[in-house]
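Data block below; observations after.
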Amino acid sequence: MKSDAWYDAFLEILHEKYPKNAQLINKVMDLLCIERETTYRRFRKDVLFTANEIAKIAAAWNISLDEIIDINSGHVSFQMHAIDYLNPSCRDFWNIEKNVEILEHIQTNTYSEYMEVINIFPRPLEVRFPSLLRFKLFNWIYYYTNNESQSAFSQIIIPDNICMEFERYKNNMLHVKNSNFILDEMIFEDFVQSINYFHSILLITEEEMQIIKEELYALLDYMIKIANKGYYPETQNKVNIYISQLAINTNYSYFYTDKLKTCRIHALGKFDISSCDSNMVANFRDWMNAKKRSSILISEANEKKRIEFFGRQREVVEGL
């Protein structure tokens, strides 16, 4: 390996974080408090980033040093993204904002691909329904925190600036050229069962449950519209919806564009464990697309199965 191969890999990682060159330069200038020409010299490799500068960038941008140093080690580095969406620190919000900004290049990219294999609602669809998002965070707090006094659903308030980033995320995802969702067949049953449980222990009121129910109907209507047409109605970008005939126990996703290649394991209902290793992303694409063999495509094709599936989901929601 050439002695500067690690540095080329480091620069590549930075460009993945901020695909637009001008934006990347400005972000590095602000972070390191250095002048524009000094920054350009580091990207031209006239002068290399110092060890302290690399460490500062890695810490601020959540870059694993293994990704920089062990480029050809054969090891794959995964990162855990633990973000507090309800009480975000400045760094939490910065990370959310940065992750959304990275997706903006999708709107001008000639080809982009996104896929989820999931037993929960797809993120690009769920994000348009505030009560469903609130319930996801509420559910996570109940199961994974040690608070002696459990917060009621009414106490879960997503800050306005986070809601704005969710909106930007939703708009960016509409521009993905090819989206694939493989859904667990029990996706609505499991969600409704959770709602009924929290209602039974008085953490969700009758009125709140009805609001959630209306959003579930709206989600169903939107999914039916997508499945009938085979694309997002707003952008006409391709969407394939599959129903898995086998239970899905772990949730996975990947992004694939010419500038962004990343795969994720969605852990503990809220956190992401991700890697940008090109070989691992390629493996994820192969593994996840192989899941189609045990799944039924219901968007555009197979009208009978599509009507049966959505009819059953509507009955489930009606029982809430």
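Some notes on this structure:
- Every condition in (1) under 15 Å from F181 (Cα atoms); (2) surrounded by fewer than 19 Cβ atoms within 10 Å (Cβ to Cβ) is met by K259 except one, and the failing one is (1).
- Any hit, the stretch 188-204, residues being loosely packed, with under 14 Cβ neighbours inside 10 Å and not in a helix (DSSP H, G or I): yes
- For the stretch 10-30, a residue qualifies if it is within 12 Å of W61 (Cβ to Cβ) and not in a helix (DSSP H, G or I), and exactly one does: Y18.
- Of everything listed in (1) crowded, with 17+ Cβ neighbours inside 10 Å; (2) under 16 Å from N178 (Cβ atoms), the single unmet condition for E234 is (1).
- Per the listing K170, K213, K177, the residue uniquely of a type in the set (K, R) and farther than 18 Å from L133 by Cα is K177.
- Residue identified as in contact with a helix residue (DSSP H, G or I) (Cβ under 8 Å, 6 or more places away or on another chain), under 18 Å from Q313 (Cα atoms) and not charged (D, E, K, R) among F191, F153: F191
- Members of the stretch 115-129 found to be of a type in the set (V, I, T) and not in a loop (DSSP other than H, G, I, E, B), listed by number: V117, I118
- Filtered by the rule that a residue be touching a residue at least 24 places away in the same chain (Cβ under 8 Å) and closer than 18 Å to P122 by Cα, the stretch 198-222 gives I212, K213, E215, L216, Y217, A218, L219, L220, Y222.
- Test: residue in the stretch 103-116 that is among the aromatic types (F, W, Y) and in contact with a Leu (Cβ under 8 Å, 6 or more places away or on another chain): no
- Cβ-Cβ under 6 Å pairs, at least 6 apart or on other chains, the stretch 111-136 side closer than 26 Å to S151 by Cα, far side part of a strand (DSSP E or B): N119/D184; P122/E116; P122/F181
Let's see how each residue does on (1) in contact with a Ser or Thr (Cβ under 9 Å, 6 or more places away or on another chain); (2) modelled with pLDDT under 75; (3) in a helix (DSSP H, G or I); (4) more than 22 Å from K136 (Cβ to Cβ):
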site	(1), (2), (3), (4)
A58	yes, no, yes, yes
E67	yes, yes, yes, yes
M80	yes, yes, no, no
Y85	no, yes, no, no
I96	no, no, yes, no
N99	no, no, yes, no
E113	yes, no, no, yes
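- Matching residues in the stretch 135-177 - criterion: being at pLDDT below 85 and among the β-branched types (V, I, T): I141, T145
- Residue, surrounded by the most Cβ atoms within 10 Å (Cβ to Cβ), within the stretch 205-225, restricted to residues that are over 28 Å from A301 (Cβ atoms) and aliphatic (A, V, I, L, M): I212
Okay, residues lined up against (1) free of Cβ contacts under 8 Å to residues at least 12 places away in the same chain; (2) assigned by TED's automatic domain parsing to the domain that holds N95; (3) under 30 Å from N99 (Cα atoms):
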{"site": "F271", "(1), (2), (3)": "no, yes, yes"}
{"site": "A282", "(1), (2), (3)": "yes, yes, yes"}
{"site": "D286", "(1), (2), (3)": "yes, yes, yes"}
{"site": "R306", "(1), (2), (3)": "no, yes, no"}
{"site": "R314", "(1), (2), (3)": "no, yes, no"}
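- Residue ID - farthest from N180 (Cα to Cα), chosen from residues in the stretch 282-301 that are crowded, with 19+ Cβ neighbours inside 10 Å and of a type outside the set (G, A, S): F284
The values are calculated or read from the model by the stated rules, or taken from the named source; none is laboratory data. Computed from a predicted model, the values in this text were never measured in an experiment. Methodologically, a virtual Cβ is constructed for each residue, glycine included, from the backbone with ideal geometry; neighbour enumeration extends over all protein chains shown.
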